[in-house]
Structure formats: structure tokens, C-alpha cells
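Taken together, the values in this text are just the output of simple stated rules run on the coordinates, not laboratory data. These numbers were taken from a predicted model, which means no experiment stands behind them. FYI the Cβ positions are ideal-geometry reconstructions off the backbone, even for glycines, and counts take in every protein chain you see.
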Amino acid sequence: MKVTLETPLAAPPEAARRLFRDVERWPEWMPGLREITRIDEADDALTVSIEQTVSGRRLRQTAVVTPTSSGFVQRRIAGEPARWILAWSFVPQLEDSHQTDASVTIDADFGVWGRLTPRRLIERALDDTFRALVDAAEVRLGQPDLPGPSLPDDAEVVFRGAPSTDGRLQIVESTDGGVARVVFDGRTYRATR
């Protein structure tokens, strides 16, 4: 079974790609993901063990995650389901480059369950899961403590003022004014006042 799912994501594509490519931190924000363990890293490919809960059932798999120009590919090499290839893409929306069109193409073999379940029900379950991931990503990207390097000591001078019109600089403050998150050229920084 092969299906492509798409939805807008309220964040710049660079931030979305960075969040989704940070595989070892997925359990911090991805629903149902319990544990990621690094097994190996070769070239740009990262091999990991993934433990997750799906429909109340605990699944383990080994996957290789490889970055692409617009996202990454996650390919199962051991565990369930029998075939599981996810090709993620995060590209700027045509109308607003600060928003992302997030998509995933899923190529999977769900075995007996897949053969007994109507395709539309499988697609709906996949779409619900995909949207929950995107919602969780938006929440994570909106948190002021998003992982990133500390700002340099002169950041107050460097980053003072309104966000740039070319979209390279974005300043986000928490409602209590205590923590600022600065995104410059797609790299996130955090600072406290």
C-alpha cells in the first residue's frame, strides 16, 4: 500500500526539517513514541531502534533514517510492519515562506491486517496519526525552550528590532516575556532575560 498525506505546518520549512531530522529527540514530542536508541551512523544515515505504541500495541523496529534535500527517508530494516518506508518532505508554502507544506509518502505492507482492513480505514488511521504528529511538531516548535545553541553575549544588540522582511530573522517571545526564541537563517537560538 502506498499513500501520500499532506497538511500545512505553522513553521518555516528549515525549522520543521531540523525538528524532524533530530531523530534521537523524537520521544520528547512525538505521540506514541517511547524510545529511540542509536545503533549506528554511516555517512548521513542513522540506524536506530524504535519502540512505539500503536493502537495500544507495543512495536519495535530497526530503521535507517537518511536526510534528503527537503526532509528525510525512514526505512524499516527489521521488525513490524513487514515493509515501512516513509519519505518526509517540508517545503515552503507558495503563499507564505514562513509556513510549510508537510507531506509524507508511506509505502507499507501491513500484512494480514492490511489485507483484511478496508483501504479507506487504513488511510484514515494513517492520516489521523500524521496530523497528530504535525500538531505535536507545531507545539514543539512553538516552545521557547526548543533545543538550540545559546545566544552570543552580544545577541541583544545583534537581534534588536523587528523581524526582517526577508524572513531570515524571526523573534518569538513567551507571554510572560521571560524567554525569547530567535530564528535566524533557519537556526534556532534561545535566550533568557
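Taking other C-beta atoms within 10 angstrom as a stand-in for reagent exposure, ILE50, ILE85, ILE39 fall in the order ILE39, ILE85, ILE50, fewest first.
Comparing Cα centroids, the range 58-90 and the range 111-136 end up 16 angstrom apart.
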